[in-house]
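Q: Encoded as structure tokens, here's the structure I'll be asking about.
The values are calculated or read from the model by the stated rules, or taken from the named source; none is laboratory data. Being a predicted model, the structure only gives us computed values, none of them experimental. Ideal geometry is used to build each Cβ from the backbone, glycine not excepted, and the neighbour counts take in all protein chains shown.
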Amino acid sequence: MNKNKNIRLIFYIFFLLCLFFILAPLLAPHDPMRTHATMTCEPPSGQHLFGTDELGRDILSRMLFGGRTTLLIGLIATSLSCFIGTALGLISGYYGGKTDILISQVMNLALAFPSLLLAIGISVVLPAGFLSVVIALSIAGWADFGRLIRGQTLTLKNREFITAATVLGSSSGKIIVRHILPNCIPLLIVSFSMKLGTFMLAESGLSFLGLGIPPPYPTLGGMISSGRDMLITCPWIPLLPGFLISIMVLVFNLLGEMLQSVSDPKRKKS
Amino acid sequence: MILTVNNLSVSFPVSSGIFQKDLFGISAVHHVSFSIRKGEIFGLAGESGCGKSSLGRALAHLFQVAGMKAQLTGQVELLCGQERVLLSLLTQKQMRPYRRHIQMIFQDPFHSLNPRMTIGEIIHEPLQIHFPHSGRKERQERVDSLMEKVGLSPEYGRRFPHELSGGQRQRICIARVLAVSPQIIIADEPLSSLDVSIQAQIVNLLRDLQEDLNLTYIFISHDLSVMKYLANRIAVMYLGTFVEIGETDEVYQNPRHPYTQALFSSIPDLKDEKIKKNTLKGEIPSPQYRPTGCCFRTRCPIARSECSIAVPQLMRFSDNHDVACPYVL
């Protein structure tokens with residue numbers, strides 16, 4: 001009972017967040033880019049609900065737009081690395097042999113590198129912008145999915161229902177798509193939501209370091225970065241975006257855990 | 001004859017050393033020949049590890065066993081529709097269109113059904129593979145009729161395997177196999193993971209289906225009582241070879257080979273408690289180091305020195321009864 005309540009709460013927060021981000025242009029009380037020379041570093045008030053930053057921009061509006069960007073980058077980058085990693089993991093695990101050795105070695109190479117460092121390196125090379133952040137994160141993150149799915153494929157391919165599918169005349173491609181992939185899905189859901197959290201953090205980290213979306217366009221990491229000097233004097237400037245990141249990461253992790261139990265046919269009844 | 005097996009051997013390479021050279025071959029099936037008529041239930045009996053399952057899998061063109069790739073020599077010829085096909089020459093890919101003629105029922109119905117597919121999808125899948133041109137509605141009707149044929153209500157079609165009992169699951173496995181109307185069904189210990197009360201139901205189902213549809217089974221089991229009830233012809237295997245083969249009644253009444261005699265005397269019997277059990281001494285030799293000559297001589301009560309020289313061939317004892325021991329004829 002108590003658990004069900006928690007699940008509902010997380011769902012509400014998730015929908016509320018999504019709604020806020022989708023409706024950001026309508027909901028934002030001010031233009032997130034517009035500066036105000038006379039109203040810098042104002043504390044939260046009726047006019048500016050979350051206060052203003054060092055250039056007089058409305059923090060609530062910037063958080064709505066920044067959170068939107070962060071979430072979008074996280075979603076696209078996670079989907080991309082999930083797709084690449086899953087495809088290569090399935091191929092490598094199912095076919096084995098030389099294909100497996102080749103793909104595994106590339107995966108190990110990618111995993112041996114600290115992923116944030118790799119992302120930093122890539123975003124230095126690519127011109128700054130939305131797309132390059134997505135590419136940098138995907139290159140840094142696909143191998144985690146790849147290794148996970150390869151392992152799962154290795155255990156699944158020796159299960160008897162795969163043998164049964166072979167005897168029934170399924171082709172390798174069909175076996176992978178119809179029998180192995182669906183049995184990887186609970187695993188994928190959890191790691192997808194975990195990775196989404198990590199990627200949102202990484203995006204914020206890149207923006208914090210000045211390698212993400214270039215200013216003045218708002219991102220959560222960028223807001224923390226520019227507000228960190230004022231942590232003592234005007235704590236709302238860096239703390240509120242930081243708080244939003246924490247909530248988003250938490251909600252996605254919890255959501256993933258829930259979706260996993262829902263997607264399992266064995267638990268559908270309860 | 002719908003299936004002819006000639007001199008079939010199945011061996012597994014054993015790699016050792018840093019260079020992973022294939023040093024030894026474990027011979028799971030050793031020069032086996034037999035043939036099967038349409039409508040026959042052919043029983044394969046023997047203790048575990050004697051190569052019954054390896055033989056069954058080799059016939060179904062499955063060589064990947066427990067991560068090892070088996071090597072196959074000899075000929076397997078199957079009647080596929082009108083043409084005779086030498087299955088042993090085909091690659092996995094070439095085999096695919098012929099797969100529907102030789103099907104398999106597995107030991108454990110908990111593991112042989114995809115947990116994420118509904119029962120309907122599971123039975124539908126082989127139809128989709130082998131009859132892609134039939135209409136969806138037509139296939140759905142066939143799925144329903146197959147489920148009824150194995151004694152399940154078509155309502156179960158929307159359920160998942162874990163919602164069914166072991167016996168129901170084995171029925172699903174049988175329905176899935178029947179979907180493609182195979183020439184031969186290899187049943188690899190289809191009863192051993194089921195409760196005794198369920199076993200009887202499945203045995204009767206297999207038997208009824210055989211009579212209705214004139215099916216042909218290769219029935220692999222170590223349960224000799226079920227074998228006696230179900231099989232028309234039985235082959236007794238020891239260390240990868242056939243030691244005795246013949247009509248079931250004949251072999252059960254008059255087992256000739258010393259191994260068969262020992263195997264049958266191990267059947268528990270409530271009536272004759274006084275009969276002295278003919279127990280064998282020693283262990284089965286490793287298939288990696290097969291004894292020379294007759295492979296049973298290390299445990300045989302009537303072994304002579306000549307037994308280590310020549311490999312005994314199956315010899316005619318009576319009309320439908322062959323024995324691989326020259327001293328018992």
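Q: Checking A:Ser193 against (1) of a type in the set (Gly, Ala, Ser); (2) within 14 Å of chain B (Cβ to nearest Cβ); (3) part of a helix (DSSP H, G or I), only one condition comes out false. Which one?
A: Every listed condition holds for A:Ser193 apart from (2).
Q: Select from region B:144-166 the residues that are basic (Lys, Arg) and either within 14 Å of chain A (Cβ to nearest Cβ) or part of a loop (DSSP other than H, G, I, E, B) (or both) and write down the one among them that is farthest from the chain's Cα centre (by Cα).
A: The selected residue is B:Arg158.
Q: State the number of residues belonging to region A:24-52 that are assigned to a loop (DSSP other than H, G, I, E, B) and within 29 Å of the chain's Cα centre (by Cα).
A: Step one: of region A:24-52, the residues assigned to a loop (DSSP other than H, G, I, E, B) are A:28-51.
From the residues that got through so far, the ones that are within 29 Å of the chain's Cα centre (by Cα) too are A:28-34, A:49-51.
Matching residues across region A:24-52 total 10.
Q: Any residue at all in region A:143-152 that's within 14 Å of chain B (Cβ to nearest Cβ) and in contact (Cβ under 8 Å) with a residue 40 or more places away in the chain?
A: Taking every residue of region A:143-152 in turn, at least one turns out to be within 14 Å of chain B (Cβ to nearest Cβ) and in contact (Cβ under 8 Å) with a residue 40 or more places away in the chain.
Q: Right, next: Would you point out the residue of region A:153-164, among those that are facing chain B (nearest Cβ under 7 Å) and of a type in the set (A, V, I, L, M, F, W, C), that is nearest to A:Ser104 (Cα to Cα)?
A: Residue satisfying both the conditions and the ranking: A:Phe161.
Q: Looking at (1) at the interface with chain A (Cβ under 8 Å from one of its Cβ atoms); (2) in contact (Cβ under 8 Å) with a residue 60 or more places away in the chain, can you tell me which one B:Pro97 breaks?
A: With (1) at the interface with chain A (Cβ under 8 Å from one of its Cβ atoms); (2) in contact (Cβ under 8 Å) with a residue 60 or more places away in the chain applied to B:Pro97, the lone miss is (2).
Q: Taking B:Leu215 and the conditions (1) of a type in the set (A, V, I, L, M, F, W, C); (2) assigned to a helix (DSSP H, G or I); (3) over 14 Å from the mean Cα position of the chain (by Cα), which numbered condition does it fall short on, given that it satisfies the others?
A: (2)
Q: For B:Ser53, work out the one condition from (1) part of a loop (DSSP other than H, G, I, E, B); (2) under 30 Å from B:Ser265 (Cβ atoms); (3) within 14 Å of chain A (Cβ to nearest Cβ) it doesn't fulfil.
A: Failing condition for B:Ser53: (1).
Q: Also: Take B:Ser165 and decide whether it is assigned by TED's automatic domain parsing to the domain that holds B:Gly39, in contact with a helix residue (DSSP H, G or I) (Cβ under 8 Å, 6 or more places away or on another chain) and hydroxyl-bearing (Ser, Thr, Tyr).
A: For B:Ser165, the condition - assigned by TED's automatic domain parsing to the domain that holds B:Gly39, in contact with a helix residue (DSSP H, G or I) (Cβ under 8 Å, 6 or more places away or on another chain) and hydroxyl-bearing (Ser, Thr, Tyr) - is met.
Listed here are the residues, each with its yes/no results for (1) modelled with pLDDT of 90 or more; (2) over 18 Å from the mean Cα position of the chain (by Cα); (3) in a loop (DSSP other than H, G, I, E, B).
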| site | (1), (2), (3) |
| --- | --- |
| B:Gln168 | yes, yes, no |
| B:Ile174 | yes, no, no |
| B:Val180 | yes, yes, yes |
| B:Ile185 | yes, no, no |
| B:Leu191 | yes, no, yes |
| B:Ser197 | no, yes, no |
| B:Ala200 | yes, yes, no |
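Q: How many residues, within region A:102-120, are over 26 Å from A:Leu90 (Cα atoms) and either among the charged types (D, E, K, R) or modelled with pLDDT of 85 or more (or both)?
A: 0
Table: residues versus (1) outside any helix (DSSP H, G or I); (2) out of contact with any Pro (no Cβ under 7 Å at 6 or more places or on another chain).
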| position | (1), (2) |
| --- | --- |
| B:Ala262 | no, yes |
| B:Thr279 | yes, yes |
| B:Arg290 | yes, yes |
| B:Cys294 | yes, no |
| B:Arg297 | yes, no |
| B:Cys300 | yes, no |
| B:Cys307 | no, yes |
| B:Pro312 | yes, no |
| B:Pro326 | yes, no |
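Q: Can you tell me which residue is farthest from the other protein chains (Cβ to nearest Cβ) among those in region A:165-182 that are touching a residue at least 60 places away in the same chain (Cβ under 8 Å) and closer than 17 Å to A:Phe83 by Cα?
A: Residues of region A:165-182 that are touching a residue at least 60 places away in the same chain (Cβ under 8 Å), as a first pass: A:172, A:175-176, A:180-181.
Going one step further and asking which of them are closer than 17 Å to A:Phe83 by Cα, we end up with A:176, A:180-181.
Numbers: A:Ile176: 13, A:Ile180: 10, A:Leu181: 9 Å.
This residue is A:Ile176.
Q: Answer yes or no as to whether B:Pro255 is modelled with pLDDT under 90 and over 26 Å from B:Ile105 (Cα atoms).
A: Here the answer is no, as B:Pro255 does not meet what is asked.
Q: Still on this structure: Condition first: under 14 Å from B:Gly46 (Cβ atoms) and of a type in the set (Gly, Ala, Ser). Now tell me which residues in region B:228-265 satisfy that.
A: B:Ala231, B:Ala235, B:Gly240, B:Ala262, listed by residue number.
Q: Pairs please, first residue from region B:305-329 and outside the structural domain of B:Phe42 (by TED's automatic domain parsing), second anywhere and among the basic types (Lys, Arg) and not in a loop (DSSP other than H, G, I, E, B), Cβ atoms under 8 Å, 6+ apart in sequence or on different chains.
A: Here the result reads B:Asn320/B:Arg233; B:Asp322/B:Arg316, each pair linking region B:305-329 to a residue that is among the basic types (Lys, Arg) and not in a loop (DSSP other than H, G, I, E, B).
Q: Sticking with this one: What's the number of the only condition in (1) under 23 Å from B:Ser153 (Cβ atoms); (2) assigned to a helix (DSSP H, G or I) that B:Lys228 fails to meet?
A: Among (1) under 23 Å from B:Ser153 (Cβ atoms); (2) assigned to a helix (DSSP H, G or I), B:Lys228 violates only (1).
Q: Report whether or not B:His133 is within 11 Å of another protein chain (Cβ to nearest Cβ), farther than 23 Å from B:Asn204 by Cβ, out of contact with any Ser or Thr (no Cβ under 8 Å at 6 or more places or on another chain) and of a type outside the set (D, E, K, R).
A: no
Q: Ok, one more. Might you check whether a residue that is over 13 Å from the mean Cα position of the chain (by Cα), more than 30 Å from B:Ser165 (Cβ to Cβ) and surrounded by 22 or more Cβ atoms within 10 Å (Cβ to Cβ) occurs anywhere in region B:225-239?
A: Yes, that holds for at least one residue.
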